[in-house]
Amino acid sequence: MEKSRIIFLSMLVGLFLVGVVSCDSDTEDTVTQYLEWNNENVAYFDAARAELDEEGNLKYEVVKPNWDTTSCILMHYYTRGEGVVSPYYTSFVKVCYRGEMIDGTVFDSTHVSPSNPMEAKISSLVDGWAVAMERMHVGDSCRIIIPQNMGYASSSTGGVKPYSTLIFDVKLVEITRQ
């Protein structure tokens, strides 16, 4: 009986050690993956920041929030609307948008139903969205590139990987409450 207990315990310890070693390997692989993903995202943002249009001008406007001048988002307007008022941080807006990661994976979109835009309070959105919304007017449509520190940072949410640069095509449809 004692011999079978020793064999059983030895087997349990062996299985535990195999599990720990395989977890360490998985952890290393995951860490390596996210380090590579982080580097790809930083490189993408830096390349977009330096991208030139057909006339040799910077394609994206660098927009810094007034509360953190070391951070920025990139904005490129497709069209300018007729609106003259920009929403405030506390405003509610209706927007049509499409969000994707740098690899082209679409993680969220209202474009499948443009007659049903999303309504949100700007302060409830990621920092990069808030900065962009405060610069836009009703009818404006633009591309917004948000670095990870103004997006979800190291968090994973709704199909967005940690350390992701976020790319949004956005149209400000309405300011519903200023």
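The values are calculated or read from the model by the stated rules, or taken from the named source; none is laboratory data. Keep in mind that what you see is a predicted model, and the values were worked out from it rather than measured. We place every Cβ from the backbone using ideal geometry, glycine too, and count neighbours over all the protein chains shown.
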Legend entry - Contacts under 7 angstrom Cβ, first residue in the range 37-54 being under 16 Å from residue 104 (Cα atoms) and assigned to a helix (DSSP H, G or I), partner at pLDDT below 95 and basic (Lys, Arg), 6 or more apart: 37/161
Legend entry - Only listed residue being among the polar types (S, T, N, Q), closer than 22 Å to residue 67 by Cβ and out of contact with any Ser or Thr (no Cβ under 7 Å at 6 or more places or on another chain), chosen from 165, 110: 165
Legend entry - Count - residues of the range 110-138 that are within 21 Å of residue 153 (Cβ to Cβ) and out of contact with any Pro (no Cβ under 9 Å at 6 or more places or on another chain): 8
Legend entry - So residue 75, is it more than 11 Å from the chain's Cα centre (by Cα), within 17 Å of residue 45 (Cβ to Cβ) and surrounded by 15 or more Cβ atoms within 10 Å (Cβ to Cβ): yes
Legend entry - Candidate set: the range 101-112, residues that are among the polar types (S, T, N, Q) and not in a strand (DSSP E or B); chosen: the one farthest from residue 42 (Cα to Cα): 110
Legend entry - Pick from the range 113-136, criterion in a loop (DSSP other than H, G, I, E, B) and free of Cβ contacts under 8 Å to residues at least 40 places away in the same chain, ranking: surrounded by the most Cβ atoms within 10 Å (Cβ to Cβ): 125
Legend entry - Subset of the range 137-152 (residues that are touching a residue at least 60 places away in the same chain (Cβ under 8 Å) and either within 16 Å of residue 67 (Cβ to Cβ) or crowded, with 21+ Cβ neighbours inside 10 Å (or both)): 140, 142, 144, 145, 146, 147, 148, 149, 150
Inset, instruction - Sort out which residues of the range 75-89 are under 25 Å from residue 165 (Cα atoms) and touching a residue at least 60 places away in the same chain (Cβ under 8 Å), and write them in order of number. - result: 75, 76, 77, 78, 79, 80, 87, 88
